[in-house]
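> Okay, handing you the structure first.
The values are calculated or read from the model by the stated rules, or taken from the named source; none is laboratory data. Computed from a predicted structure; not experimentally measured. All Cβ positions, glycine included, derive from the backbone under ideal geometry; neighbour counts span all protein chains shown. To get the accessible areas, we keep the full protein, side chains included, count just its heavy atoms, and leave off ligands, DNA and RNA. Shrake-Rupley method; radii C 1.70, N 1.55, O 1.52, S 1.80 Å.
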Amino acid sequence: MTEINAVTTLTRDGDVAVITLNSPPVNALSAAVRQGLYDGFKAAGASDAKAIVLICDGRTFIAGADITEFGAPAGTPTASLFDVQTMMEDSPVPVIAAIHGTALGGGLEVALCAHYRVAVPSARLGLPEVALGLLPGAGGTQRLPRVVGVETALEMMTSGRHVPAPEAFKLGLVDELAPEGELRAAAIAFANKCVAENRPLVKISDNNTKLEAAKGHPEIFANFRKANARKFRGFEAPEANIKCIEAAVNSATFEEGLKAERTLFGGLMSGVQSAAQRYYFFAERQANKIPGIADDTPVRPINKVGIIGAGTMGGGIAMNFANVGIQVVIVEQQQAPLDKGLATIRSNYERSRTAKPEETAKRVGLITGSLSMEEAFKDVDLVIEAVFERMDIKKDIFTKLDAICKPGAILATNTSALNIDEIASVTKRPQDVIGLHFFSPANVMKLLEIVRADHTADDVIQTSMKLAKKIGKIAVLVGVTPGFVGNRILGQRQREAQKLVLEGAMPWDVDRVLYDFGFPMGPFAMSDLAGLDIGWVKEKSHGETIRDVLCEADRRGQKTGAGYYDYDENRNAKPSPFTEQVIHDFIVKSGANPRKISDEEILERCIFPMINEAVKILEEGKAIRASDVDVVWVNGYGWPVYRGGPMFYGDLVGPAKVLEKMKEFEAKMGEQFKPAALLEKLVADGKKFADLKG
Ligand code: CAA
């Protein structure tokens, strides 16, 4: 064995040279990896080896460029990725990439320069750069369509999807599937076969057949753009990826296409969107790290989960666990709502069709119902209460759970607002009590706020964090505070949206500004969708708010064809003269004059108080770090990821500007805009929101 450098070795197996990378955690293409590859291929090429296999140790093949290097000052010059790729493609002996784990981004771009690819069935391949606001900048945009065709390349590159190896095999991206666990031997055997059969040295960049099929058909691109316009709205990277594939089709040579790729890559790399998306990538991973709780803290086994409440929330929560094979029992007080809840779960599974019918049946079978907590919860490892938001009801339930559940069971509440310390206080085991705040629909939404109460034990937090990952959630640990992190910040935006309307902005003005900012919809459109009458009581309604008047006029949102907006039969919204008149009357009655409010003011009034509130949350230690706030808002509330999150955006605007505006608003409109003391300090110290810790 020759040690090429700290992360690369070269060994020999008969006629085959084997280059092995070992650069944990994911063999990213750091400077050392690039240099190791370069020197490794050079040494292998200089030997009498008749073929070369590139394989990785550890959990994965190369998972891409080293994202931590992006935007960092250049270190000592090393071999470029381009140098490595050229050496691979031009190798006079066959080069075989042996893939396990993931071959992503730059990793797949390296593999595409091998003459052949062998993969185990569990491997996944893809060009996920779009998720980082980028495009594959190492020839991937030019090589992938040459292998899989233009349409598939468009889909893969704009979705960033990780394609399972068996599908990649069908697409021609993988040449042979190797038995699981036998990749090295299979790749060496494949290499020997190439030599014995004198197989051609396939150079993807030379083969234009699949591009020819798309030449003279610009409608392929036009149709793709049109079909995905909604999905790509606001993002720069999908369009740049599409343009690269267009360049692959329309350029006279491979090199000309590469040039277009390089220019478009440079544009994205220096832009704000990619900076935000790369920041967000690490923010999400950072959220898993809990200071003071080591990653190897033992977890409690969770094999059976109890849920109280078979409503939309309880049912959605149940599906998460059944999806990963965990048994669930749901308890309701009456048979009818229990039956209804279980039926809804069944029909949700049938409609979603994400799993094969037999798998769906298995999942449905894992969820049972019961009318008795005593019976159902004796042996559960975790119970999640998802009933009405009333403290007396929750306390009653937790008193019962304390009596029923076995020692060590985790007792969780899905409350979105109530004080979990108070709930825990009725039990003799507050160390086992935690908040698991799912977002609706709970089987779809990724965010999970895990709420640490005063006495919650470390292993209960650790178990919850690991369990969240297992069920595919992105978890953020927060503290007990009204509305926790997400809803507490949302409260600021909602209040300002309502106030702006009472000063003269129309609901559709507020909605448009927030939609253009990148939210999927504004607060008024959202209310119409959810139903204006949620929490509205007819008997108690006396026209005191705009909502009261709208509901009294039976304008209860989309479901009644009218709310803040008017809706046509296809639920297309248009501004409503009725609502406009109602608003006008309210303003006149208050003795004020409606005023013209600029888009800039709408945005600043809605967003800056959110940033200020986030700072207060951190000041109070209710979130661990600024980036956790961003993870909550991107995942749970539709904050556009290309703007990073409220804290990242605050840094873009500049803390000084946010403070100045908050002071200006405070002087004009009072207390509610009072800047957080920590915001003042941040500005005085010349620091950034991103530096804040809770
Ligand atoms: N660069 C640097 N670090 C990376 C990385 C990368 N490309 N990919 C993952 N990591 C780090 C993570 O930050 C994490 O670090 P910590 O343990 O310190 O938090 C660690 O590797 C493990 O990552 P995950 O927690 O995400 O592990 P996982 O097993 O859940 O997922 C993965 C593994 C699927 C590879 C996932 O990490 C991932 O999707 N990585 C990004 C892949 C990617 O986008 N590649 C393209 C890069 S851009 C590019 O290649 C441009 C180009 O054209 C040259």
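> Across the stretch 211-242, which residue is surrounded by the most Cβ atoms within 10 Å (Cβ to Cβ) among those that are among the basic types (Lys, Arg) and farther than 15 Å from Arg146 by Cα?
Arg225
> Strands (runs of 3 or more DSSP E) wholly in the stretch 21-130 with at least 2 residues that are away from the ligand (no atom under 15 Å from the Cβ) - which ones?
Once the strands (runs of 3 or more DSSP E) in the stretch 21-130 are filtered for at least 2 residues that are away from the ligand (no atom under 15 Å from the Cβ), what remains is 51-56, 95-99, 116-119.
> Just one of Ala213, Ala247, Ala191, Ala237 is closer than 30 Å to Arg12 by Cα, out of contact with any Asp or Glu (no Cβ under 6 Å at 6 or more places or on another chain) and assigned by TED's automatic domain parsing to the domain that holds Ala63; which is it?
Ala191
> Look at Ala424 and say whether it is of a type in the set (A, V, I, L, M), within 16 Å of Asn323 (Cβ to Cβ) and crowded, with 17+ Cβ neighbours inside 10 Å.
no
> Name the residues in the stretch 228-244 that are under 20 Å from Tyr515 (Cα atoms) and either part of a helix (DSSP H, G or I) or in contact with a strand residue (DSSP E or B) (Cβ under 6 Å, 6 or more places away or on another chain) (or both), would you?
Those that are under 20 Å from Tyr515 (Cα atoms) and either part of a helix (DSSP H, G or I) or in contact with a strand residue (DSSP E or B) (Cβ under 6 Å, 6 or more places away or on another chain) (or both): Ala229, Arg230, Lys231, Phe232, Ala237, Pro238, Glu239.
> So Glu284 fits all but one of (1) open to solvent by 20 Å² or more (accessible area, probe 1.4 Å); (2) within 30 Å of Ile393 (Cα to Cα); what number is the exception?
That leaves (2) as the condition not met.
> Does Thr354 meet the test of being open to solvent by less than 40 Å² (accessible area, probe 1.4 Å), among the polar types (S, T, N, Q) and at pLDDT below 95?
No.
> Sticking with this structure for a sec: With the checklist (1) in contact (Cβ under 8 Å) with a residue 60 or more places away in the chain; (2) touching an Asp or Glu at 6+ places or on another chain (Cβ under 8 Å); (3) within 16 Å of the ligand (Cβ to nearest atom) in hand, flag the one item Phe281 doesn't pass.
(2)
> Within the stretch 475-530, work out how many residues are hydroxyl-bearing (Ser, Thr, Tyr) and farther than 15 Å from Glu600 by Cα.
Residues that pass the stated criteria total 2.
> Here's a follow-up. Cβ-Cβ distance below 8 Å, separation of 6 or more or different chains: which pairs start in the stretch 49-73 with a residue that is closer than 24 Å to Arg161 by Cα and in the same structural domain as Gly137 (by TED's automatic domain parsing) and end on one that is part of a strand (DSSP E or B) and not aliphatic (A, V, I, L, M)?
Filtered contacts from the stretch 49-73: Ile55/Thr20; Cys56/Thr20; Asp57/Thr20; Thr60/Thr102; Phe61/Thr102; Ile62/Cys56; Ala63/Thr102.
> With respect to Val658, determine if the residue is assigned by TED's automatic domain parsing to the domain that holds Gly636, touching a helix residue (DSSP H, G or I) at 6+ places or on another chain (Cβ under 8 Å) and either under 23 Å from Gly486 (Cβ atoms) or in contact (Cβ under 8 Å) with a residue 60 or more places away in the chain (or both).
Yes: the conditions hold for Val658.
> Hey, can you tell me all the residues within the stretch 9-20 that are more than 18 Å from Leu108 (Cα to Cα), assigned to a strand (DSSP E or B) and out of contact with any Asp or Glu (no Cβ under 7 Å at 6 or more places or on another chain)?
Leu10, Thr11, Arg12, Asp13, Val16, Ala17, Val18
> Go through the stretch 357-392 residue by residue and tally those that are open to solvent by 50 Å² or more (accessible area, probe 1.4 Å) and not basic (Lys, Arg).
Of the residues in the stretch 357-392, 13 are open to solvent by 50 Å² or more (accessible area, probe 1.4 Å) and not basic (Lys, Arg).
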